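Report on the structure given below.
Derivation of every value follows stated rules applied to the coordinates shown; laboratory data play no part. Every value quoted in this text rests on a predicted model; they were computed, and no experiment measured them. Counting neighbours? That spans all protein chains shown, and the Cβs are built from the backbone with ideal geometry, glycine included.
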Amino acid sequence: MNISIRKGQKADLPQVLVLIKELAAFEKAPNKVSVTVDEMERDGFGTEPAFKFFVAELEGKIVGMSLYYIKYSTWEGKCVFLEDIIVTESHRKYGIGNKLFAEVVRVAKEMKAKRLEWQVLAWNELAIKFYEKVDSHFDNEWVNCKLSEKQIEEYKF
């Protein structure tokens, strides 16, 4: 299987959104995706891009992607956050996820990032096994917190 990994482009976004929706279905949240191609284009290719991504291509078709962004640690400095690696179901177990992960690691290394971080669902055993193979540190000390768009809007200042 001749898979090529390259930087994502605006023209890739419709296929990337299909992958995102596939991931949402896999993660038992098919109705949670609200982002649009237009929003992704604005947010990823505007004057201050909020994210970057790689795509895995096979015979001109995108079969996987990894999306990441830069964050900053007050204690350590510049870090990379890997938001998602997605490989379409029919192309899993061919090492595509590993290649996409390696590209993000390469970015972190080139920018001299202090950390590369990501999250994995506790029930996603295949992803956990993959991350164990690359000797990842699983952090059981920190609790994930978030406010939804609605909660942000309704926040009392």
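Counting 0.36 nm for each residue step from Lys146 to Lys21 and taking away their Cα separation leaves a gain of 42.9 nm.
In the range 4-153, a dipole from Cβ-located charges (positive for Lys and Arg, negative for Asp and Glu) runs towards its positive end, and of Val16, Met111, Thr74 it is Met111 whose Cα lies farthest in that direction. If you take all other residues with their beta carbon under 12 Å from the beta carbon of Ala113, and give Lys and Arg +1 and Asp and Glu -1, the sum is +4.
Only sites in a loop by DSSP and with at most 15 other Cβ atoms within 10 Å count here; which trypsin sites (Lys or Arg not before Pro) in the range 44-134 make the cut?
Here the trypsin sites (Lys or Arg not before Pro) that fit, given the DSSP loop and packing criteria, are Arg92, Lys93, Lys112, Lys114.
Taken along its principal axes, the alpha carbon cloud of the chain reaches lengths of 54, 36, 33 Å, longest axis first. All other residues whose Cβ lies under 10 angstrom from that of Glu57 are scored, Lys and Arg at +1 and Asp and Glu at -1, for a net of 0. A simple rule links phi to the HN-Hα coupling: the Karplus curve 6.51 cos²θ - 1.76 cosθ + 1.60 with θ = phi - 60°, which for the range 45-50 gives 10, x, 5, 10, x, 8 Hz, with x for Gly and Pro.
Centroid-to-centroid, using Cα positions, the range 86-103 and the range 1-73 are 14 Å apart.
Which of Lys109/Lys133; Lys32/Lys93; Lys7/Lys112; Lys32/Lys129 have a Cα-Cα distance over 24 Å? Listed pairs above 24 Å: Lys32/Lys93; Lys32/Lys129.
Of the chymotrypsin sites (Phe, Trp or Tyr not before Pro) in the range 1-85, which ones lie in a loop per DSSP and count no more than 16 other C-beta atoms within 10 Å? Taking the range 1-85 and a limit of 16 other Cβ atoms within 10 Å, the loop chymotrypsin sites (Phe, Trp or Tyr not before Pro) found are Phe51, Trp75. With 0.36 nm allotted per residue and the present C-alpha distance subtracted, the Leu126-Val35 stretch has 30.1 nm of extension available.
Take every DSSP beta bridge whose two residues both sit in the chain; close to 90 percent of them are antiparallel.
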